[in-house]
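Trainee: Let me give you the structure first, and then I'll get to my questions.
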Amino acid sequence: MSVYNGEKFLREAVDSILTQTFKDFEFVIVNDGSKDSTGEILASYRDHRLKIFSIENRGLPAALNYGLECCSADLVMRMDADDVAYPHRFAALLEDWEKAGRPDVFGSGADYINEDGLDLWGISMPLDNLTIKAEILAANGKMTIMHPTVLFRKKAVLGCGAYDPYFTNGQDYDLWLRMTLCCRFGNSPQHLLKFRFNSLSDTARFIHVTNENVFTGNWVRLLSQQKMILIEKGHEDLWQSHRDYIVGRLKEKVDVSRLVDEAIVGRLLTEAKILYCSGRKVVGIWQLLMLFLRNPDILLKRFMGIQIPDRTQHLLSPTEIVGQGGVR
């Protein structure tokens, strides 16, 4: 678990792990430079299974890499600081993982809750490796692995390069995409986690700007796929050494403002659904109506099941980067 300024929900999240029916584990928590009472909350625990590390703020992917290196076991389960694990999560996930033949990455379904802990709706994930991989690799694929639900092999994650600190959002998709090259995936049919829609979480920050790069779902997906092409062709060094050039060229070829609009609509649709399911039906319907009036084309496409355009045609080849990027 990595946590940054997570005081509001942290104790509930930690307690849900320490009270698991399966008892034999270590719980590595990285306090990623929190400025609230996160440190004091963590210091109040006296459980020998806890391993708490405090570092300067590095962002989620870097903090997760730090925590991963601190794990003494090869088998690692993820947890977010605002979610709640069901008491049988570890036991059930391990049992289903064994039945599935011990895949390298193994997640589960989840039940969504709002900030007050009210049940909203549940979501199940596909179970078989081929379906999961196909959606990960698809240009406009669906979510098939929920990051905070997963169990994975530390060796497999590190062997694929671990989390890329560049992706302050969407670091899980970038990792899964690379892991499709050599790893197996799976999911438990059970719902083993309460996933909280939290306005302060990384998930809720559907638009995140760092170093003038706009991080939205579809834009991050496109960048991850560009990186994947270079890896497959043996040119990962180009991603590291000429990333600014690559990002700049893609911004010239792709309508980034459209990607931002799609991300905003997706997030506001979710918020409207949360309001409706939380008992504020009139407010939820009103937000949906306002959203339709502002972005009718995007909403109609979503409701009619029309896929967004396949933007992978805009991706750059290593030759194009070498030829125009000044690479020696």
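Please treat every number below as a calculation from the coordinates, not as lab data. Every value quoted in this text rests on a predicted model; they were computed, and no experiment measured them. Positions of Cβ are backbone-derived with ideal geometry, glycine not excepted, and every protein chain shown enters the neighbour counts.
Trainee: Could you tell me how far the Cα centroid of segment 134-188 sits from the Cα centroid of segment 70-121, in Å?
Mentor: 15 Å
Trainee: Tell me, what is the Rg over Rh of segment 2-196, with Rh the Kirkwood radius over Cα pairs?
Mentor: 0.94
Trainee: Oh, and also: What is the gain in length, in nm to one decimal, between T131 and H88 on full extension, counting 0.36 nm per residue of separation less the C-alpha to C-alpha distance?
Mentor: Between T131 and H88, full extension yields an extra 12.8 nm.
Trainee: Can you compute the helix-only [θ] at 222 nm over the chain? Use -39500 (n - 2.57) per DSSP H run of at least 4 residues, normalise by all residues, nearest 500 deg cm²/dmol.
Mentor: Here the helix-only value at 222 nm equals -13000 deg cm²/dmol.
Trainee: What is the Cα coordinate range of segment 36-146 on the first, second and third principal axes, sorted by size from largest, in whole angstrom?
Mentor: 43, 35, 31
Trainee: What residue among S44, S72, S224 has the largest mean-square fluctuation in a Gaussian network model of the chain, using Cα springs under 10 Å?
Mentor: S44
Trainee: With all distinct Cα pairs included, what does the Kirkwood hydrodynamic radius of the chain come out to in Å, to one decimal, could you say?
Mentor: 21.0 Å
Trainee: Testing the spin-label approximation: label points 7 Å from Cα along Cα→Cβ at V322 and R258. State their distance in nm.
Mentor: The answer from the label model is 3.1 nm.
Trainee: Let me ask another. If each residue of separation counts as 0.36 nm, what is the full-extension length gain between K35 and L158 once their alpha-carbon separation is subtracted?
Mentor: Stretched out fully, the K35 to L158 stretch lengthens by 41.3 nm.
Trainee: Moving on to the next point. Would you please give the residues with an amide H less than 5 Å from that of S188, counting only those at least 5 places away or on a separate chain, with H modeled from the backbone geometry?
Mentor: G107, S108, G109
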